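Reviewing the structure listed below.
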Amino acid sequence: MYKIAVMGGADSVMGFRALGLEVCPVSAPEEGREALHRMARENYAIIYMTEQLASQLQPEIARYQDALTPAIILIPGREGPLGTGMANIKTAVERAVGADIL
């Protein structure tokens, strides 16, 4: 059975626990790197990650970009959006459709 998790700073992700998602508070990039690889091995289908953490883990995220699972979806953190999440969605739509429709 596949699982869903949320990764990022504790202030940004703890509220997702109320929705039944597994929460992985991360305080350092190395901790996030290890958690991401562990979740990929443990059948996580979707990993929501704050944009702030994702900006520090670009090589690791790129490793899973073309894989079926896990799907890594960037969300704004407590500090606000950086715009990278929306840019990633736009790029994915362009790859799927072949044109910029957004």
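Among the residues making up the range 41-56, a single one is in contact with a Gly (Cβ under 7 Å, 6 or more places away or on another chain) and β-branched (Val, Ile, Thr): Thr50. A count restricted to the range 75-93 and to residues that are within 15 Å of Val13 (Cβ to Cβ) and not small (Gly, Ala, Ser) stands at 4. Here the range 28-78 is the region considered, the condition is being among the acidic types (Asp, Glu) and under 14 Å from Asn88 (Cβ atoms), and the residue that is least open to solvent (accessible area, probe 1.4 Å) is Glu51. Counting only residues that are touching a helix residue (DSSP H, G or I) at 6+ places or on another chain (Cβ under 7 Å) and of a type in the set (S, T, N, Q), the range 32-87 holds 4 of them. Residue-level check: of (1) touching an Asp or Glu at 6+ places or on another chain (Cβ under 6 Å); (2) over 25 Å from Val93 (Cα atoms), Ala5 misses just (2). It is to be established whether one or more residues within the range 10-27 are open to solvent by 70 Å² or more (accessible area, probe 1.4 Å) and in a loop (DSSP other than H, G, I, E, B). Yes, that holds for at least one residue.
Residues in the range 51-92 that are at pLDDT 80 or above, outside any loop (DSSP other than H, G, I, E, B) and charged (D, E, K, R): Glu51, Glu60, Arg63.
The values are calculated or read from the model by the stated rules, or taken from the named source; none is laboratory data. What you see is a predicted model; the values in this text were computed from it and never measured. With ideal geometry, Cβ positions are generated from the backbone for all residues, glycine too; neighbour counts draw on all protein chains shown. We work out accessible area using only protein heavy atoms, side chains counted, and drop any ligands, DNA or RNA first. Shrake-Rupley method; radii C 1.70, N 1.55, O 1.52, S 1.80 Å.
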